[in-house]
Structures are given as C-alpha cells and as structure tokens.
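Structure, as structure tokens:
Just so you know, all these numbers are worked out from the coordinates, no wet-lab data involved. Please read all numbers here as calculations on a predicted model, not as lab measurements. Heads up, the Cβs are rebuilt from the backbone with ideal geometry, glycines too, and the neighbour counts pull from every protein chain shown.
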Amino acid sequence: MSICRKSFFHFILILVAAVVCAGCASSPRFTARNVPPSPRGGDTTEPRPTDPPKSTRNPSGRVLLTLEGVASYYADDYHGKVTSNGEVFNMNDLTAAHRTFPFGTNVRVTSLENKKSVVVRVNDRGPFKDGRIIDLSLAAARELDLIRNGTARVKLEVLEWGDGK
C-alpha cells in the first residue's frame, strides 16, 4: 500500500471516528427561547414538597409539633467544619442537626430522663444513625446532662419554624 493510500485511509478513519463521536454528544432539549410557558403560570413539572409555614414568629408561644425519640450529640470531630446550611459548626453554640426540619427552626429539647430542657436552632442535617431523631451540639448536650451516656430519650417541641436558611 502506498504512503498516499495509507494517509487517505487514516484520514477517512479519523473522519468517521469524529462523526461517530459527534453523534454521541448531547445537546440541550430546550433553551430559554423555546420553552413553552406553563398553562398554569408556573413551572409545574416538579412536585413541590409541603413546606411548613414561612413565618419564623410564633407570637402565641404554642408548640407547633411534638416528637419523641433518642438524641445524641456531636462535637470535636465536626468543630470548625461547615454545616449543611453553610455555617461553621461551633460545638459551644446551642445548635442541632435534624433530618427534615428547615434550617433556623427553634426546638425545645427536653430529656425524658431528668426533665432538663434547652432550646436549640437547627443548622445542620442528621443524625445519620437509625433510631435517633436529633443530634445536639456539645453545649446543648451539656445542658441536658447527656455527655456521660452519649444518648438520651427526649421530647422535641418545635417552637418556631425556620425559613430554611
């Protein structure tokens, strides 16, 4: 095979490979110009979760939700690290992690073992251990005398829903 034929063959082979690869590339289905407006006046393609009321004020002072379960605490390993809401975790603040409560929610946590209570602000996600409903900061755990045992049965009372920030 001559050099000219080899070069031509390689050129065709590269061209075919480029066309095949270009055919695999994705392209956007819609752009801002060709997205049809929703018939109901908003993006209704995604289901929206039911959010708690946006108001962070609770002038009546009544308890908005009560739960019972096991609390634990977290401290040294997370101190100074960024929480799920973007704050830097300070184990000496009265904060907590909850799986679903909006960030900024104020919760009264009462130990069912010694009746001590503390109000914490949710600023993180967790706990990630089955059977636990809240992870408290070291300061909150101290208020409940939770340090020695590491966990305790507690009652959670939502006092104010957070705004999620």
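Could you state, as a whole-number percent, how many of the C-alpha pairs of the range 65-160 are farther apart than 23 Å?
Here the tail beyond 23 Å accounts for 12 percent of pairs.
Take the Cβ-Cβ distance between Asp145 and Ile14 as r, set R0 to 45 Å, and report the resulting FRET efficiency rounded to the nearest 0.05.
0.05
Cut-off under 20 Å on the C-alpha distance; same-chain residues fewer than 8 positions from Lys115 excluded. Which lysines are left, in chain and number order?
Excluding near neighbours in sequence, the set is Lys155.
Grab the beta carbon distance between Leu67 and Asp93, set R0 = 25 Å, and tell me the FRET efficiency rounded to 0.05.
0.70
How do His10, His79, His98 rank when sorted from fewest to most other Cβ atoms within 10 Å of their own Cβ?
Fewest-to-most Cβ neighbours within 10 Å comes out as His10, His79, His98.
Can you tell me the FRET efficiency between Asn114 and Asp163 if r is taken as the Cβ-Cβ distance and R0 is 35 Å, rounded to the nearest 0.05?
Once rounded, the FRET efficiency stands at 0.60.
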